[in-house]
Amino acid sequence: MSLIGKNKDFYSYRNECRIGANFQYKDFEKTKSYNTNFSKSNFNYASLRAAQMKYCNFNEASFVETEFIGTNIKGSCFKGAVFKNAIFKSVVMDKTDFTGAELVNCIFCNTRFTNVKGLNISNSRIIDKCPE
């Protein structure tokens, strides 16, 4: 998808405090956020397609039916976050922390789990090939 007509900077944050923000149904496609605190924020039904959300805090945030497709969440922290029916496809998860996070019926496709801390995917599925 072309960025023509899209304001990719609108939902890009650098070194900000966005605690408790409501991002429900928001489109973060191709945005770039670094070192921002999104703790206790609502990302339900949001799209983080091709977004870079590196070194951010998402502690106790909510991700219901959120799509992480081609998303880079390197170095981010999701302690106590809730994920329900979320999709993780080709996600960069290096050095992320999911300690105490709840994952229910999530799908992981073409995603590596190297250097990931505290990820409990017992109530989720890992598939080798993603449906087209």
Seminar exercise, completed: Note on the stretch 12-31: residues outside any loop (DSSP other than H, G, I, E, B) and either open to solvent by less than 80 Å² (accessible area, probe 1.4 Å) or closer than 15 Å to N44 by Cα (or both) are N22, D27
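The rows are residues; the columns are (1) in contact (Cβ under 8 Å) with a residue 60 or more places away in the chain; (2) of a type outside the set (S, T, Y); (3) more than 21 Å from N59 (Cβ to Cβ).
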residue: T71; (1), (2), (3): no, no, no
residue: F78; (1), (2), (3): no, yes, no
residue: N85; (1), (2), (3): no, yes, no
residue: V92; (1), (2), (3): no, yes, no
residue: E102; (1), (2), (3): no, yes, no
residue: I107; (1), (2), (3): no, yes, yes
residue: R125; (1), (2), (3): no, yes, yes
residue: K129; (1), (2), (3): no, yes, yes
Exercise. Within the stretch 110-122, can you find the residues that are at pLDDT 95 or above and open to solvent by less than 80 Å² (accessible area, probe 1.4 Å)?
Worked result: V116, G118
Problem set entry | Per-region count, the stretch 42-70, residues more than 11 Å from the chain's Cα centre (by Cα) and either surrounded by 23 or more Cβ atoms within 10 Å (Cβ to Cβ) or within 19 Å of V116 (Cα to Cα) (or both) | 3
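The values are calculated or read from the model by the stated rules, or taken from the named source; none is laboratory data. Quick caveat, the model's predicted, so the values are computed rather than measured. All Cβ positions, glycine included, derive from the backbone under ideal geometry; neighbour counts span all protein chains shown. What goes into the accessible areas is simple: the full protein's heavy atoms, side chains included, and nothing from ligands, DNA or RNA. Shrake-Rupley method; radii C 1.70, N 1.55, O 1.52, S 1.80 Å.
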